[in-house]
Amino acid sequence: MSTVWSQVVGQPDAVEVLTASAAVAASMVDGTFAGGPTSAVAHAWLFTGPPGSGRSVAAKAFAAALQCETGVGCGSCPGCRTTMAGTHADVHVVVPEGLSISVAEMRSLVQISARRPTGARWQVVIITDADRLTEGAANALLKAVEEPPERTVFLLAAPSDHPEDVPVTIRSRCRHLGLRTPSPPAIAEVLQSRDGIEPAMATWAASVCGGHVGRARRLATDEAARTRRDSVLRIPLNLRRLSDAFDCADDLVKAAEADANEVSGARDEAEKEALKTAMGHGGTGKGAASATRGSAAAIKELERRQKSRATRTQRDAIDLALVDLAGFYRDVLVVSSGSQATLTHPDRERDARQAAGTWTQESTLRRLEAVLACREAMELNVKPRIAIEAMLTALHYG
């Protein structure tokens, strides 16, 4: 049977570090630790790496190993199974659905982290996308990281090659573990062994995903995702007239909105109905009317969170399209320079060569810079349609 570490793709060095630390943690729980003070197991970790490198997966695997009855992350004991399934009582995962992680959410989590673990092993807090912590949330977390409970471990993940996106006050109190981009063969192997994807599709998806394991799986299993990628990569050679820029911008924004609605639509309605039921909507007994009136504020707050989640989903979809575009212009530069470097989109080599024969290297570089400037504008909360129209106009003129 596979262990929890089989989920961590292409990270042998990181797995070695985490396995050794989990073994020390197990010896502390079992009372056999003889290597010094309990600080031998870091109370806070910071996992960094490029998007798709598996930061959150590595953090969850480490959490499972900490809860493992054997201390190695066997994958078969109740501690491993419940942690990987997201149901372990002592493992708490924060996945920001909106644009940021609020101070109220972090204060609630800090209170939970102060409790003794119910399973007599470790209380583990996983914060994915820790770069989204607001200043207030970071300050609330800092107090817990500075004075951690004896059996609590914080695992933070930030999507970057460097940890600077996380406040230095928190970063300095964490053990840093950097992950690298998995190789295409490693991604293809896990797609075949874990997801049962046939070899040709797995190899193709691994070659075009940019080292992003989740993206590779989606491309291999979702035809709509493949169609959206194709439509994005057709843009550079289809900007023949200025009007094409506005048409393509409209298509990009509408596709992102549709993606957000697909992800959030049914879930939003289910959440609202569940809240209404919990607050007494539809009841006929004494006090039902006042309960219904009193639930208005709770429903309004839920709608606010849902709107924030939809905005985040839409922007993530647009950013994915921008990353694909940047990869195409990078491929044009690779081809025009005569480099033998691996292409980001090897299945689009013919288009890249066609563009390289038409554009100068300087104009290609300007186009690449326009895409990167659009990503930066989106991070600064410029309205997506305006940012994308400005970018596509720049791409048209070169």
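The table that follows gives values for the structure above.
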item: Lys383-Ser27 FRET efficiency (beta carbon distance; Förster radius 56 Å; 0.05 resolution); result: 0.55
item: Local net charge near Val153, Cβ-Cβ under 13 Å (Lys/Arg +1, Asp/Glu -1); result: +3
item: nm² value of the averaged projected area, convex hull over the Cα atoms of segment 4-178; result: 9.2 nm²
item: Three-way shape label, the chain, alpha-carbon gyration tensor, a/c 1.5; result: oblate
item: Extent along principal axes [Cα atoms of segment 98-152; Å; largest to smallest]; result: 35, 20, 16
item: Karplus-derived HN-Hα couplings along segment 343-349 (A = 6.51, B = -1.76, C = 1.60, θ = phi - 60°), whole Hz, x at Gly and Pro; result: 6, 5, 10, x, 6, 10, 4
item: Nearest 10 degrees, 0 to 90: helix 223-233 Cα axis against the chain principal axis; result: 50 degrees
item: Nearby aspartates and glutamates by direct alpha-carbon distance to Lys60 (threshold 13 angstrom, same-chain neighbours under 8 apart not counted); result: Asp90
item: For segment 171-179, Karplus couplings with θ = phi - 60° (6.51, -1.76, 1.60), whole Hz, Gly/Pro x; result: 4, 5, 9, 10, 7, 8, 10, x, 9
item: Length added when fully stretched, Glu257-Glu16, from 0.36 nm per residue minus Cα-Cα; result: 82.6 nm
item: Residues whose placed amide H lies under 5 Å from that of Ile126, excluding near-sequence neighbours; result: His92, Val93, Val94, Leu155
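FYI, it's all coordinate maths here, none of it is from the lab. A quick note: this is a predicted structure, and the numbers were derived from the prediction, not measured. Positions of Cβ are backbone-derived with ideal geometry, glycine not excepted, and every protein chain shown enters the neighbour counts.
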